[in-house]
Amino acid sequence: MFADNFSLAEMLTAQHRIAGTAIHSPLRKFENLNQALGFNSWLKLETMQPIGAFKIRGACNAVQQLSPEQAGCGVVCCSTGNHGRAVAYAARAAKISATVCLSALVPEVKIAAIEQLGATVKRVPGNQIAAMHEAARLRTVKGMIEIPPFDHRHVIVGQASCGLEILHDLPNTASIVIPLSGGGLLSGVALAAKKINPKIRIIGVSMERGAAMAASLKAERLVDVGEYASLADCLSGGLGEHNQYTFELCKELIDETVLVSETEIRDAMLFLFESCKLIAEGGAVVGIAAVLSGKLSALPEPVVFIISGENVDMAKYLRIINRKPLQLDNVTI
Ligand SMILES: *Cc1c(COP(=O)(O)O)cnc(C)c1O
């Protein structure tokens, strides 16, 4: 098993390492939600992390392990927004300079937040792959240290701390539903969870348009699916041509993959706001969307949904909670 390359001991060490920066996030039960879904479920609120998303875990675990020499070179990353913000946050805490490469699909609010943390933002025309290439170029040309958004050992092991917390707080967890993009979150959480209890069911959920990992798992090789405007902007982007870890880990650890539509994502955002008073971004609610839409049922209970981030594009969000139509590229929902 490829997963054998990772040990519970290194995950526990990472959890300890990042404890001063990332929080042990709450695992909360919402009666309204459980009534609507019809089963015993819990929400892991990564929305409450500093920077408003789980990405702080992996970024922090990677940045804190840099040697003084590496730290002096500065760090660089590409990002759909939240990873860049996490790297900027972790780098500022460690007094390291950071450069974040962002594609044209990244919402303005996420860009502003990264600049506020003192990082240099490089806006790259084109898609996430272009941003990925620019980060690689800066690594090669300027000697900066690259902190990839998901396909990096320290990043994956950092995200695993989220899984350790779930199993600590709810030891009888039977299923974990996880938003899936590059698969860093899913790989880390599933590694930790299945090492503690191999029977735990792991479900990965992506949006219908542009789900690179789901398409690659189906084709059994890395495939490029294109990028589209989505309410789940944080889930867009490809896996890169040289994926080392997350494709193999997802292949081994995922029990089921589900895809949800933009209207299903929108409805789940509205539902969480109205019923749980919870603000969560599109990419964070895909698991709830999968259940509310009837695409995911009969899960072993209790079920944990990772609500991975809260960094909504406010203009779009206000339209959603006011039930107004929304434009995504050439599609109106
Ligand atoms: C990055 C991100 C994801 C997806 O994480 P991967 O490790 O790329 O699969 C999910 N939700 C939010 C809020 C994110 O920022």
Picked from segment 195-213 (must be in a loop (DSSP other than H, G, I, E, B), at pLDDT 95 or above and open to solvent by less than 30 Å² (accessible area, probe 1.4 Å)), the residue farthest from the ligand (Cβ to nearest atom) is Ile200
Tell me, which helices (runs of 4 or more DSSP H) lie completely within segment 1-100 with 3 or more residues that are in contact (Cβ under 8 Å) with a residue 60 or more places away in the chain and aliphatic (A, V, I, L, M)? 8-18, 31-37, 56-63, 82-93
Pick from segment 103-118 the residues that are in contact with a strand residue (DSSP E or B) (Cβ under 7 Å, 6 or more places away or on another chain) and surrounded by fewer than 24 Cβ atoms within 10 Å (Cβ to Cβ): which of them is nearest to Glu69 (Cα to Cα)? Glu115
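Condition check ((1) away from the ligand (no atom under 13 Å from the Cβ); (2) open to solvent by 10 Å² or more (accessible area, probe 1.4 Å)) across all residues:
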position: Val75; (1), (2): yes, no
position: Thr80; (1), (2): no, yes
position: Ala88; (1), (2): yes, no
position: Thr99; (1), (2): yes, yes
position: Thr120; (1), (2): yes, yes
position: Gly126; (1), (2): yes, yes
position: Asp151; (1), (2): no, yes
position: Cys162; (1), (2): no, no
Of (1) open to solvent by less than 10 Å² (accessible area, probe 1.4 Å); (2) in a loop (DSSP other than H, G, I, E, B), Ile306 fails just (2)
Could you go through segment 164-180 and let me know if any residue there is among the hydroxyl-bearing types (Ser, Thr, Tyr) and open to solvent by less than 60 Å² (accessible area, probe 1.4 Å). yes
If you scan segment 309-332, which residues turn out to be farther than 28 Å from Phe54 by Cα and surrounded by 13 or more Cβ atoms within 10 Å (Cβ to Cβ)? Val331
Criterion first (away from the ligand (no atom under 13 Å from the Cβ) and under 23 Å from Val286 (Cα atoms)) does Glu108 satisfy it? yes
Tally, over segment 1-44, of residues that are closer than 18 Å to Ile306 by Cα, within 16 Å of the ligand (Cβ to nearest atom) and buried (at least 22 other Cβ atoms within 10 Å of the Cβ): 4
Quick test of your reading of the structure: Leu180 fulfils all but one of (1) more than 13 Å from Trp42 (Cβ to Cβ); (2) more than 10 Å from the ligand (Cβ to nearest atom). Name the failing condition by number. (2)
Among the residues of segment 123-179, write down those that are in a helix (DSSP H, G or I) and of a type in the set (Asp, Glu). Glu134, Glu165, Asp169
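The values are calculated or read from the model by the stated rules, or taken from the named source; none is laboratory data. Worth saying up front: this structure is predicted, and the values here are computed from it rather than measured. Quick reminder, even Gly has a Cβ in these numbers, built from the backbone with ideal geometry, and neighbours come from all protein chains shown. Each accessible area value is taken on the protein alone, full model and side chains, heavy atoms only, with ligands, DNA and RNA left out. Shrake-Rupley method; radii C 1.70, N 1.55, O 1.52, S 1.80 Å.
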